[in-house]
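The values are calculated or read from the model by the stated rules, or taken from the named source; none is laboratory data. Predicted, not measured: the structure shown is a model, and the values here were computed from it. As a convention, Cβ positions derive from the backbone with ideal geometry for all residues, glycine included, and neighbour counts pool all protein chains shown. Protein only, heavy atoms only, side chains kept; ligands, DNA and RNA dropped before computing areas. Shrake-Rupley method; radii C 1.70, N 1.55, O 1.52, S 1.80 Å.
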Amino acid sequence: MPKQEPRATGLRQRLAELRGPAVPPKSLDARALAALAANPGCRRRALLDGAGVDKAALAGALGAPSGFGQSQFALVRGNAFEARVKADGGAELLRLAHGLLGGGPEPEPGTARVPELGA
């Protein structure tokens, strides 16, 4: 009987094959997370994002290149927002999440465990 790989390793390998062996994964950013949340039924989008595929590069390779990139205004606003959220250990974000989700004492800023969303 052939040795079976652990599911996580097998899945990571399959996603790397989809992306291409020499292509590093592109990490999820706020835009990708928002798109996934707005389109939960889009399996193609979820698969491409899960594999870390650079969708702009894919569109170009398929003959439909993106005519524009992200605006500098959007980048500056996004970076400023991220800095504000992280500045105090995520205290405001924790407060809002705790208010919506409830349960137990409110965690101290900087002590909450968060998932690694990078590739």
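Data overview
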item: Residues located in region 56-89, provided they are open to solvent by less than 70 Å² (accessible area, probe 1.4 Å) and touching a residue at least 24 places away in the same chain (Cβ under 8 Å); result: GLY78
item: Conditions (1) outside any helix (DSSP H, G or I); (2) within 30 Å of GLU108 (Cα to Cα): number failed by SER66; result: (2)
item: Among (1) at negative phi; (2) open to solvent by less than 60 Å² (accessible area, probe 1.4 Å), the one test that GLY52 misses; result: (1)
item: Among the residues listed as PRO21, PRO25, PRO6, the single one being modelled with pLDDT under 85 and open to solvent by less than 70 Å² (accessible area, probe 1.4 Å); result: PRO25
item: Selected residue (only one of ALA97, ALA56, ALA46, ALA37 is part of a helix (DSSP H, G or I), modelled with pLDDT of 80 or more and touching a Ser or Thr at 6+ places or on another chain (Cβ under 6 Å)); result: ALA56
